[in-house]
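The values are calculated or read from the model by the stated rules, or taken from the named source; none is laboratory data. The model shown is predicted, which means the values in this text are computed figures rather than measured ones. Here the Cβ positions follow ideal geometry from the backbone for every residue, glycine too, while neighbour counts run over all protein chains shown. Accessible surface areas use protein heavy atoms only, side chains included; no ligands, DNA or RNA. Shrake-Rupley method; radii C 1.70, N 1.55, O 1.52, S 1.80 Å.
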Amino acid sequence: MRWWEAGAVGLAVVQVLALLLLLLQPTHATWWFVSQLSASYSSTRIHCENIPGLVRRQRVLCKRHPDAMLAVTEGAIQGVRHCQKQFQDARWNCSTIPRDASVFGRHVLKTGTRESAFVYAINSAGVVHAITRACSRGAITNCACDLSKKGSHRDRAGQFSWGGCSDNIRYGTAFARKFVDARDRGQRDARALMNLHNNRAGRKAVRKKMRLECKCHGVSGSCTVRTCWQTMAPFGATARWLKTRYDGATEVSVLPNGAGLVPRHGDHKKPRKKDLVYLEPSPDYCDADSSSGFTGTGGRQCNRTSKGTDGCDLLCCGRGYDTRRRLISTKCECKFQWCCSVDCKTCEAWRDLHFCKAWQDPSPRV
């Protein structure tokens, strides 16, 4: 055996052992773990039996639709990335834990907070978006563009004809509902109802951001005739929409016998299907808690002049911050070169950066 072949075998063994270890944590595992698989692992073949966190229904779907599972992986990666982008300046920054089958930390699975609600919604939306996009580009064998839209229609700009390749949001939504809801479907406890509600809110967010795209036909570019199709907005628009739902999320409790969710406080309106719901208040996320997966805010960079969530006052939780002077390199004096490139110089400048102090136990040492 050649040395590079031995190395490849060794890497494969390590991956299998890591997966087996994760399988020993079923109560803290979720399908989100597909977002942590390496690109080479997920792009060649999905090994359904080796993915931690999948329940039986999900493994069945995984085996029946391996091409769709590649899109599920893309959707989970997309959900994680945009979750972290939306919360990059907050105390809870949607950080993931390497080689942990819970992905976001056990607190997301064990507690029903606003943050848990957002994680379920953004990952559900990610699967809808990725499956639908894969259908449109012909990457899934049993679905394609939405061909149900035919004939003429009218919008504010006037009449148009349906054509092109409308995104098949119905297929994406249906597959995501079967796969993502599989663990909680049929259960009537409060947490399962919360998860199912937020999963649905994520699916609806993708549909909410659908938009009409058109192509004009006519003499000299005139728009006497239009051909239009429906397409999804970039996923960032969906993530921003869900962030507004997070900010206005409703605290709920479950009715007897799991008959539904109602606002915990009587003066709050009943949550709509597109709203996020949660069961309990969030911790402050200031201090690290390894057992739950909190990373704390110690060492995080903050903005000394900001009054927002990224400001040193809020982000550092009153512990103060340290200032460090560093040499920062940036692109500058960029010029467009015909045709077609942009040439930039590298400029360096010393800047003061501010970092939150870590929490220290105030109790005296013995």
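The requirement of being of a type in the set (A, V, I, L, M, F, W, C) and free of Cβ contacts under 8 Å to residues at least 24 places away in the same chain is fulfilled nowhere in region 352-360; no residue meets it. Of the helices (runs of 4 or more DSSP H) lying entirely inside region 1-81, those carrying at least 1 residues that are surrounded by 17 or more Cβ atoms within 10 Å (Cβ to Cβ), in contact with a Phe, Trp or Tyr (Cβ under 9 Å, 6 or more places away or on another chain) and at pLDDT below 50 are 3-23. All conditions but one from (1) of a type in the set (A, V, I, L, M); (2) open to solvent by 70 Å² or more (accessible area, probe 1.4 Å); (3) within 24 Å of the chain's Cα centre (by Cα) apply to LEU314; the one that does not is (3). The number of residues in region 145-154 being touching a residue at least 24 places away in the same chain (Cβ under 8 Å) and open to solvent by 50 Å² or more (accessible area, probe 1.4 Å) comes to 2. Scanning region 224-242 for residues that are in a loop (DSSP other than H, G, I, E, B) and open to solvent by less than 60 Å² (accessible area, probe 1.4 Å) yields MET232, ALA233. Only one of the numbered conditions (1) under 28 Å from ASP247 (Cα atoms); (2) touching a Lys or Arg at 6+ places or on another chain (Cβ under 6 Å); (3) open to solvent by 10 Å² or more (accessible area, probe 1.4 Å) is violated by LYS85, and that is (2).
Based on what the data block shows, is ARG245 part of a helix (DSSP H, G or I), over 30 Å from CYS62 (Cα atoms) and open to solvent by less than 50 Å² (accessible area, probe 1.4 Å)?
Against the criterion (part of a helix (DSSP H, G or I), over 30 Å from CYS62 (Cα atoms) and open to solvent by less than 50 Å² (accessible area, probe 1.4 Å)), ARG245 qualifies.
The single condition among (1) within 18 Å of GLY293 (Cα to Cα); (2) in contact (Cβ under 8 Å) with a residue 60 or more places away in the chain that ALA125 does not satisfy is (1).
Condition test on ILE169, is it open to solvent by less than 30 Å² (accessible area, probe 1.4 Å) and more than 14 Å from GLN230 (Cα to Cα)? For ILE169, the condition - open to solvent by less than 30 Å² (accessible area, probe 1.4 Å) and more than 14 Å from GLN230 (Cα to Cα) - is not met.
Just so you know, in region 265-296 the residues that are modelled with pLDDT of 95 or more and outside any loop (DSSP other than H, G, I, E, B) include one that is most open to solvent (accessible area, probe 1.4 Å), and it is TYR278. Here is the figure for region 248-264: residues that are open to solvent by 40 Å² or more (accessible area, probe 1.4 Å), in a helix (DSSP H, G or I) and in contact (Cβ under 8 Å) with a residue 24 or more places away in the chain total 1.
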